[in-house]
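Structure first, commentary second.
The values are calculated or read from the model by the stated rules, or taken from the named source; none is laboratory data. Not measured: the values here are computed from a predicted model. A quick note on method: Cβ atoms are made from the backbone with ideal geometry, for glycine too, and the neighbour counts reach across all protein chains shown. Quick note on the areas: whole protein, heavy atoms, side chains included, nothing else; ligands and nucleic acids left out. Shrake-Rupley method; radii C 1.70, N 1.55, O 1.52, S 1.80 Å.
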Amino acid sequence: MTFDELAKSVDFSKGLIPAVVQDNETNEVLMLAYMNEESLKKTIETKTTWFWSRSRQEYWNKGATSGHFQYVKSIAVDCDGDTLVIKVEQVGAACHTGNRTCFYRTVEV
């Protein structure tokens, strides 16, 4: 699928969409971030993840300051076109806390 085909299948009508980032080898969920059409385009062009920071109101390339880049291996869009799953090769920690994943706190049920 090309970027144009992917972009047409994604519903950006409400602005940002969630992007679930998973480890390409283990399928471990590393983080959740938000994308718009431009950040998706940058991600496809550079093969590293780009997101829209809701708190800073700017684009950010994951790893640009930390060196913990995410090298994109595949991008899938859900049936409704409003969520992405991005599989990556993660370098270092995905979480800003230094943890491998942002989902390091669990509750046993």
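Observations
- Between CYS95 and TRP60, the simple label model (points 7 Å from Cα in the Cβ direction) yields a spacing of 1.5 nm.
- What the Cβ-Cβ distance of LYS73 and GLU45 gives, at R0 = 22 Å and to the nearest 0.05, is a FRET efficiency of 0.90.
- For the chain, the Kirkwood estimate of the hydrodynamic radius, built from every pair of different alpha carbons, is 14.1 Å.
- Accessible area in square angstrom per residue, the chain, 1.4 angstrom probe: 61
- Segment 1-58 - percent of accessible surface contributed by carbon and sulfur, probe 1.4 Å: 47
- C-alpha long axis of helix 37-46 to longest principal axis of the chain, angle in °: 70
- Each residue, SER53 and VAL107, gets one label point 7 Å from its Cα in the Cβ direction; the gap between the two is 3.0 nm.
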